[in-house]
Amino acid sequence: MKKFWMLISLVLIAPVSSHSATASDYLIVQDIGQYMFMGKGGGHGSGVLAATGHFSKDHVDESYGGMYFNEPAEIGVNVEVTKHTDPADSIKWLLHEVDKGFRTSLGIPGESYGPRVIDGHTIMDFGAGGREYRWLSGNKVIRIEYTDLQMEKPEPIEVVKAYLAKHPSTLAPITLKQLRSTENITTWIKDEMDRRLWLCDKWFMQLQLRKIEDKEVYQQAVKSMNIFLDYREKYYRTEAVDEKNLIAVYLDTNNGTGIKTKLKEYKEWWAVNKEKSITL
């Protein structure tokens, strides 16, 4: 096991190259208690938020990853710290996007997801086949995770505490009851619908500025429109299949005018219906 992790550490060290001078601003580049530091890598990138649809075409994010290994306990820990330099209209979604990874595709908090307080800091905690911890420290996103399929190994709390000391959480305190409340879930769902329409506008702005090819913009816009339609169908009881089929045809035929017309229609519908109550 040790040889395997040493090999992985060599792979991680290599990608740092010219960015290595700043890696220590993000990572703890030394052992943490019984956890041996195995290597680091990173540079430009949105880190864990890339999977959320995080818009990064108008700014540059920096993301660094490190690895630690506790040989007696046979626990490997991955750490990722990403600094976001988003414009104001993007940074407002940062907490929403960090939280998104612990919710279902339709916005319901996962069964194993809840807030947790460690050394006075509120963090997000998800435990299933291991654990994952996330929090914000200003405009930085910290993510720590390890695998334990049997859930029998000790948590790497000393690693979490060390990173909380380096990057203190700025998350507001929240209880599990508040997280799972109808009010919180409803707000999150409507925010996601808002964000998806906003993402479409961001992509089309890049097309207007001639910074991205039209096909990529249409693909990304239709992706977010489909998610918006999924939420609208689930929570506003508005059937989505015909709409999704139509915008799929528009995408296949590179019909940007049709896609933009539908986006305008959805935005107008949303302006009328956003404040209506929904059934979870």
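Restricting the search to helices (runs of 4 or more DSSP H) fully inside the range 172-280 and requiring at least 3 residues that are acidic (Asp, Glu) and within 24 Å of His54 (Cα to Cα) gives 182-208, 214-236.
Against the condition surrounded by 14 or more Cβ atoms within 10 Å (Cβ to Cβ) and at pLDDT 95 or above, how does Leu164 come out, does it pass? It is true that Leu164 is surrounded by 14 or more Cβ atoms within 10 Å (Cβ to Cβ) and at pLDDT 95 or above.
Among residues of the range 83-94 that are closer than 10 Å to Phe55 by Cα, those with a beta-carbon under 8 Å from a residue that is part of a helix (DSSP H, G or I) and of a type in the set (A, V, I, L, M) at least six positions away or on a different chain give the pairs Asp86/Leu94. Of the residues making up the range 127-134, at least one is touching a helix residue (DSSP H, G or I) at 6+ places or on another chain (Cβ under 8 Å) and either crowded, with 21+ Cβ neighbours inside 10 Å or acidic (Asp, Glu) (or both). When the residues of the range 74-91 are narrowed to those that are out of contact with any strand residue (DSSP E or B) (no Cβ under 9 Å at 6 or more places or on another chain) and part of a loop (DSSP other than H, G, I, E, B), which ends up nearest to Arg131 (Cα to Cα)? Among residues in the range 74-91 that are out of contact with any strand residue (DSSP E or B) (no Cβ under 9 Å at 6 or more places or on another chain) and part of a loop (DSSP other than H, G, I, E, B), the one nearest to Arg131 (Cα to Cα) is Glu74. Do we find that Asp99 is assigned to a helix (DSSP H, G or I), modelled with pLDDT under 95 and acidic (Asp, Glu) in this structure? No; evaluated as a whole, the condition is false for this residue.
Total residues in the range 221-243 satisfying the condition of being within 21 Å of the chain's Cα centre (by Cα) and either at pLDDT below 95 or open to solvent by 60 Å² or more (accessible area, probe 1.4 Å) (or both): the figure is 1. Here Ala51, Ala21, Ala14 are screened, and the one residue that is among the hydrophobic types (A, V, I, L, M, F, W, C), surrounded by fewer than 20 Cβ atoms within 10 Å (Cβ to Cβ) and at pLDDT 90 or above is Ala51.
Counting only residues that are of a type in the set (A, V, I, L, M, F, W, C) and open to solvent by 20 Å² or more (accessible area, probe 1.4 Å), which one in the range 197-211 is farthest from Gly107 (Cα to Cα)? Working first, answer last.
So in the range 197-211, the residues of a type in the set (A, V, I, L, M, F, W, C) come out as 197-200, 203-205, 207, 209.
This time we only want the ones that are open to solvent by 20 Å² or more (accessible area, probe 1.4 Å), so: 198, 203-205, 207, 209.
Numbers: Trp198: 17, Trp203: 23, Phe204: 25, Met205: 27, Leu207: 29, Leu209: 33 Å.
The selected residue is Leu209.
The values are calculated or read from the model by the stated rules, or taken from the named source; none is laboratory data. Because the structure is predicted, anything quoted here is derived from the model rather than measured. Glycine gets a Cβ as well: all are built from the backbone with ideal geometry, and neighbour counts include every protein chain shown. The protein model used for the area step is the full one, side chains on, heavy atoms only, and it has no ligands, DNA or RNA in it. Shrake-Rupley method; radii C 1.70, N 1.55, O 1.52, S 1.80 Å.
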